[in-house]
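The values are calculated or read from the model by the stated rules, or taken from the named source; none is laboratory data. These numbers come from a predicted model, not from an experiment. Here the Cβ is made from the backbone with ideal geometry for all residues, glycine too, and neighbour counts use every protein chain on show. In case anyone asks, the SASA skips ligands and DNA or RNA and just uses the protein heavy atoms, side chains included. Shrake-Rupley method; radii C 1.70, N 1.55, O 1.52, S 1.80 Å.
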Amino acid sequence: QDFLMTKGGWAIRPIGLDVAVRGFREGDLRPTLIVFDDIDDHSLSLSAVKSNLDIIARSIIPAGTQDTIHLVAQNLIAEHSAVNQIYTGKSDVLKGIIPSVYPAFENLVIETNIDEVTGKSSYEITAGTPTWPGMDMTTARINLNKSGLEAFYAEYQHDFSLDQSEKVIPEFDDEIHVITWDQFESIFGCRRIPKHWQAGIGLDIGYT
């Protein structure tokens with residue numbers, strides 16, 4: 001029940017991240033291939049993602065040897081996901097892995113259609129070339145209209161720009177809202193915030 005052993009001697013064992021596998025071996029054998037899949041969810045908090053990365057680094061990778069091959073077989077899921085942090089290099093876990101990420105469509109163009117009778121809107125894929133034979137344009141359009149534009153771009157295109165759109169103040173501009181210490185000194189006569197100023201600093205951390 002724990003693993004599948006083939007006649008040729010291969011053993012396959014599916015496990016979750018919550019299973020302690022450090023030092024796991026069958027006889028004198030250690031895993032020659034470790035496949036990571038479904039280790040992320042778009043709703044995971046940053047602390048949960050960090051915990052998953054720690055489990056991978058400290059519990060799962062040590063179960064293999066220096067010759068063990070590591071394969072990540074899932075989508076990037078979200079900007080802060082463990083796999084996207086591995087892919088972008090924000091995490092130093094699995095730095096030796098060769099990143100290969102492919103969007104579902106090349107040259108994708110999505111337009112919004114408005115029904116003249118009902119007034120309801122829907123999305124239409126007006127251009128794009130699937131990157132693999134199993135991608136059905138009709139099914140993709142149906143999924144697009146069911147999941148919405150943001151989720152579609154994240155899941156199919158590995159594009160999280162729409163997900164970021166509401167996380168940055170749209171009026172913010174470096175040229176207007178950020179000044180240099182030289183500019184500060186030209187007005188207040190010093191290059192640091194005076195100690196007698198009543199100043200505070202805060203950070204609103206979101207976990208969604």
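Return the lysines within reach of LYS95: Cα separation strictly under 19 angstrom, same-chain partners fewer than 8 residues apart disregarded; answer none if there are no such residues.
Correct list for LYS95: LYS50.
Need one number: nm distance between label points at ASP173 and ASP41, each 7 Å from Cα along Cα→Cβ, rounded to one decimal.
Going from the ASP173 label point to the ASP41 one covers 4.3 nm.
Would you mind estimating how fast region 1-139 diffuses translationally, via Stokes-Einstein at 4 °C and 1.567 mPa s with the Kirkwood radius over Cα pairs, in µm²/s? Walk me through the numbers before you get to the answer.
On the way: Rh = 18.2 Å.
Rounded to a whole number, D works out at 71 µm²/s.
Counting helices only, and only those DSSP H runs with n ≥ 4, report the 222 nm mean residue ellipticity of the chain as the sum of -39,500 (n - 2.57) divided by its residues, in deg cm²/dmol to the nearest 500.
Roughly -6500 deg cm²/dmol at 222 nm, from the helical runs in the chain.
Classify region 50-208 as rounded, prolate or oblate from the Cα gyration tensor: take a ≥ b ≥ c as the square roots of its eigenvalues, call it rounded if a/c is under 1.5, otherwise prolate when a/b beats b/c and oblate if not. Walk me through the numbers before you get to the answer.
On the way: a/c = 2.83, a/b = 1.28, b/c = 2.22.
Taking the square roots of the gyration eigenvalues as a ≥ b ≥ c, region 50-208 is oblate.
Send over a whole-number figure in Å² for the accessible area per residue of the chain, probe 1.4 Å.
74 Å²
Taking the Cβ of SER51 as the centre, find all other residues whose Cβ is under 11 Å away and add up their charges (Lys, Arg: +1; Asp, Glu: -1). Write out the running numbers ahead of the final one.
On the way: positive: LYS50, ARG58; negative: ASP18, ASP54.
Taking every other residue near SER51 into account, the sum is 0.
Which of VAL19, VAL72, VAL178 moves most in a GNM of the chain, Cα contacts under 10 Å?
In this elastic network of the chain, the residue with the biggest mean-square fluctuation among VAL19, VAL72, VAL178 is VAL178.
What does the extension gain come out to for ASP159 and SER186, with contour length at 0.36 nm per residue minus their alpha carbon separation?
5.4 nm
Looking at region 47-140, which trypsin sites (Lys or Arg not before Pro) are in a loop (DSSP not H, G, I, E or B) and have at most 14 other Cβ atoms within 10 Å?
LYS90, LYS95, LYS120
For the chain, what's the relative contact order in percent, using C-alpha pairs closer than 8 Å and at least 6 residues apart?
Here the relative contact order equals 15 percent.
Run the numbers on region 1-122 and let me know its relative contact order in percent, using alpha-carbon pairs under 8 Å that are six or more apart.
22 percent
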